[in-house]
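These notes are about the structure you will find just below.
Where a number appears in this text, it was derived from the coordinates with a stated rule and is not lab data. Fair warning: this is a prediction, and the values are worked out from it, not measured in the lab. Don't worry about glycine lacking a Cβ; one is built from the backbone with ideal geometry, like all the others, and counts go over all protein chains shown.
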Amino acid sequence: MGQQQLILLVLATVIVGLAIVVGIAAFTQGGDRANADAMIQDAVTIASDIQSTIRKPAPFGGVDGFDNVSFAVLGYPVTYGDGDEDSGVFVNGNGQFSLTTAEGGVVIDGLFTSDPSEDGELAAGDADQHIQ
């Protein structure tokens, strides 16, 4: 092989390597964006359920005011930390959600992870991003 052919071979190898690295990075960012979008959709669904629960009459399962809203009242499966009934969080395949009563409403806080465990608990150190 001539020297020119070797230089072209090395250059082609470098270009292909860079393309693979860029493709992997783009794929990873796309997955994170898709997860964030799914969590936002989950938060919108939770907010819709909160509104419908607030507007329902009490005999039909409604509650009086945002202070009485929790995932347990909404019918979501809840994971409790430290046995405290008020610290319930909802965990699904997209991440972990918590409710905080604010003045005149409820704040839905979401934490998404790259790898929620099979038992519905988030492993320590898996936090990647919050939505609120």
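With the charge dipole of the range 11-95 set up from +1 on Lys and Arg Cβ and -1 on Asp and Glu Cβ about the Cα centre, the Cα lying farthest toward the positive end among the listed residues ALA72, ALA12, VAL22 is that of ALA12.
Note: the range 1-41, Cα convex hull, 31 Å³ per residue.
By its C-alpha gyration tensor, with a ≥ b ≥ c as the square roots of the eigenvalues, how is the range 1-109 shaped: rounded for a/c under 1.5, else prolate for a/b larger than b/c, else oblate? The shape class here is prolate.
If you stretched the chain out fully between LEU11 and ALA25, how much longer would it get, using 0.36 nm times the residue separation minus the C-alpha to C-alpha distance?
Full-extension gain reported as 2.9 nm.
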